[in-house]
2 protein chains.
Amino acid sequence: MKSQKRTTIYDIAKKLNLNASSVSRALNNSSNVSEATRELIFKTAKELNYKQNSLASNLRKGHNQTIGVVVPRINQNFFANVIAGIEEITYQKGYNLIICQSNESHAREVKCINTLTNQHVSCIIISVSADFEDDSHLKNIKEQGIQLIQFDRVADQLDTLKVLNDNEQASMEAVTHMIEQGYQRIALLEGPQNLNIFRQRKAGYLAALKKHGIALIPELVMENAWTKELGAEATRKLLNLPNPPDAIFASTSDFSALGVLEIATKMGIRVPEDLGICGYSNEAFTEITSPAITTIDQHSVQMGKTIAKLYFDEAQPNEGNPSANTVNIQPELIIRESTLRKK
Amino acid sequence: MKSQKRTTIYDIAKKLNLNASSVSRALNNSSNVSEATRELIFKTAKELNYKQNSLASNLRKGHNQTIGVVVPRINQNFFANVIAGIEEITYQKGYNLIICQSNESHAREVKCINTLTNQHVSCIIISVSADFEDDSHLKNIKEQGIQLIQFDRVADQLDTLKVLNDNEQASMEAVTHMIEQGYQRIALLEGPQNLNIFRQRKAGYLAALKKHGIALIPELVMENAWTKELGAEATRKLLNLPNPPDAIFASTSDFSALGVLEIATKMGIRVPEDLGICGYSNEAFTEITSPAITTIDQHSVQMGKTIAKLYFDEAQPNEGNPSANTVNIQPELIIRESTLRKK
DNA sequence: ATTTTTAAAGCAATCGATTGCTTTTATTGT
DNA sequence: ACAATAAAAGCAATCGATTGCTTTAAAAAT
């Protein structure tokens, strides 16, 4: 597309026999421009269809009213909602968002970060990819003088602002609830343990068992049952054990819980009477399965808003005091039929 | 945050006793730099943790490897998937995405467009907000020499590239299917008629009726039943008519169809025996309701890919030949239990 | 009427990278 | 050994907006 030259402040200045600096000052409503010329400049700018070139402006000013967001996938409910929450605040402040997805790949995440630092964004908000191992790309952000806020899936060791769900607390509540409903052999579908969130959810599971004096049965803990398919597969194995579980906590996701429910239904096992099921995330569909699935709501939109506000409040990471840098969003246990054995 | 000065090509040049132009050429792998100095420059760049300033680069080069996307809401399945599709292609090409949401507000949409044109993005991809009335902000994009691609919800009158679902065809197929299943009094939940997509879906509904010699019954057409709640409300009214419908085509969304299903269940009306239900969009949950809901898949990820490819193929709108500028994605009718009366 | 003060406008450097053109250095051919 | 050619490096302008400083014009004070 042939890009006909766009009008600049010089074009306006020339037409009005003024200097570009006056035009700039007028358009920015700064001082030292008479009311008369100011109006004239605005009028002419409109006539010539002038649009500011943010590249030039930001280059000169040395900063950029733009925030970068890096998430594993934007078409995942939780992340889409967090972004929606962030956007609500940043929009009010006149900031732009550049949204990148890592597609759960660390290599791609590094590239996203590079792009954003090259753009001189003023802040990067990130939830790391599933194959997270190394945080040097994040350290680099801070070295570039860019604010960094981590959320949900974070690099624990790194001293940055963090906004987290209290995964451990929520998991503990969920498992406690199941125990109180009379379930005794509760299985855990766990996620990759290199991610903090899945470690915490497991910790909550273990804590609940311990609190109630229930011994951990290692064969009831299934690794990496993240998707609906993997959840289904794990469930098949669990239910075929000589001594199968009477409940399954799909700590990885509601999709996984859905897989559990499907297999149970297929095998003629009654939920919640013979098997309790609890998922994680409060995806829309959990409300309408039958039975409806007990799950944990992460208050994702709220989380996004909190993150953005944190930036605008100019909160600074408190070196050497990691806990002071963390904001915890309290998740909420949503109890539904799939774990309600005692009516 | 105190932003310590970042290294520039001048810093590298100074350290190596070279000129900045050589550094620039080396880093861009262009000609006229000896292999030895090229390596030296790369090594030093790494040492000094040099990151290119894209603002400066893009300003000088006069363009920007960035594409802007404006959608009503990113946390809606359809849009999130389209964006995911776009991103897949743009990432391969080394382009960035700036994603904005209009929140279904025209005023906000205008602001988004302004931001993007100020950033000199090379292309804007848009699906307009629900209160669409005026397309002057879109005309302005073309005047700025920026490529414009509309998708799904478009300004019909505007000569731009468009990527659309064939809503009319899909709706006609859906209603035809219902007629073939023996439904005779098919109601329509329609969306705001200022949006092309809802006009087309209605047209498809009308065409199917006509083809089968069924007269339109005006009282079976309900306006603005977009959400689950509104769908439920409309359904309540419909089912309380002296002569109620025996099927409902929720052309607005699957959420609306969900509302239909809930009310029907609540009123003890059997689906699909007494009432057929068809939604639109193939949201994840439609597969797992009971009965599962018949719906229309829009191939949203594919749509996103098509849009992005269109840009990179440098397709140009063909002035005065609107139809040549339109790519139609064929949606797919997904038949499930909610309309299967004849087993 | 003249000096002082203030407001308005202009000048020129700057942000960092790119690029057409010129100069210097190295290489090749005779 | 010297001219011809090619390769490598340097110079300086440019992209468009901003901003500290200076100059000019207008208003106020004496």
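The values are calculated or read from the model by the stated rules, or taken from the named source; none is laboratory data. Please read these numbers as outputs of a predicted model, since none were measured by experiment. Cβ sites come from the backbone with ideal geometry, for glycine too, and all protein chains shown count toward neighbours.
What the table below lists for this structure:
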read-out	value
Count of region A:8-31 residues which are within 12 Å of DNA strand C (Cβ to nearest atom), among the hydroxyl-bearing types (Ser, Thr, Tyr) and not in a helix (DSSP H, G or I)	2
Among the candidates A:Asn118, A:Asn114, A:Asn49, A:Asn53, residue that is within 10 Å of chain B (Cβ to nearest Cβ), at pLDDT 90 or above and at positive phi	A:Asn49
Identity of the residue in region A:47-65, of a type in the set (A, V, I, L, M) and under 42 Å from the mean Cα position of the chain (by Cα), that ends up surrounded by the fewest Cβ atoms within 10 Å (Cβ to Cβ)	A:Ala56
From B:Gln184, B:Gln169, residue being of a type outside the set (D, E, K, R) and either within 14 Å of the chain's Cα centre (by Cα) or part of a loop (DSSP other than H, G, I, E, B) (or both)	B:Gln184
B:Ser30 more than 7 Å from DNA strand D (Cβ to nearest atom), free of Cβ contacts under 8 Å to residues at least 40 places away in the same chain and among the small types (Gly, Ala, Ser)	yes
Test: residue in region B:318-338 that is part of a strand (DSSP E or B) and within 14 Å of chain A (Cβ to nearest Cβ)	no
Selection status of A:Leu18, surrounded by 13 or more Cβ atoms within 10 Å (Cβ to Cβ), at negative phi, away from chain B (no Cβ under 11 Å) and in contact (Cβ under 8 Å) with a residue 24 or more places away in the chain	no
Some residue of region A:141-150 being part of a loop (DSSP other than H, G, I, E, B), at pLDDT 95 or above and more than 20 Å from A:Ile293 (Cα to Cα)	no
Unique match (being surrounded by 17 or more Cβ atoms within 10 Å (Cβ to Cβ), more than 8 Å from DNA strand D (Cβ to nearest atom), away from chain B (no Cβ under 14 Å) and of a type in the set (Val, Ile, Thr)) among A:Thr37, A:Thr44	A:Thr44
Any chance B:Ser21 is within 16 Å of DNA strand D (Cβ to nearest atom), among the hydroxyl-bearing types (Ser, Thr, Tyr) and more than 22 Å from A:Asn58 (Cβ to Cβ)	yes
Selection from region B:113-159 of residues that are more than 18 Å from the chain's Cα centre (by Cα) and over 15 Å from B:Ile67 (Cα atoms)	B:Glu133, B:Asp134, B:Ser136, B:His137, B:Lys139, B:Asn140, B:Glu143, B:Gln157, B:Asp159
Among the candidates B:Ile329, B:Ile277, B:Ile335, residue that is in contact (Cβ under 8 Å) with a residue 60 or more places away in the chain, in contact with a Ser or Thr (Cβ under 6 Å, 6 or more places away or on another chain), aliphatic (A, V, I, L, M) and surrounded by fewer than 24 Cβ atoms within 10 Å (Cβ to Cβ)	B:Ile335
Top-ranked residue in region A:274-309 [being in a strand (DSSP E or B) and away from every other protein chain (no Cβ under 13 Å); ranked as farthest from A:Cys123 (Cα to Cα)]	A:Gly276
Filtered residue count, region B:32-48, keeping only those that are farther than 13 Å from B:Thr7 by Cβ and part of a helix (DSSP H, G or I)	8
Residue in region B:199-222 that is part of a strand (DSSP E or B) and crowded, with 21+ Cβ neighbours inside 10 Å present	yes
Number of the condition not met by B:Val271 [criteria: (1) of a type in the set (Val, Ile, Thr); (2) within 14 Å of another protein chain (Cβ to nearest Cβ); (3) in a helix (DSSP H, G or I)]	(3)
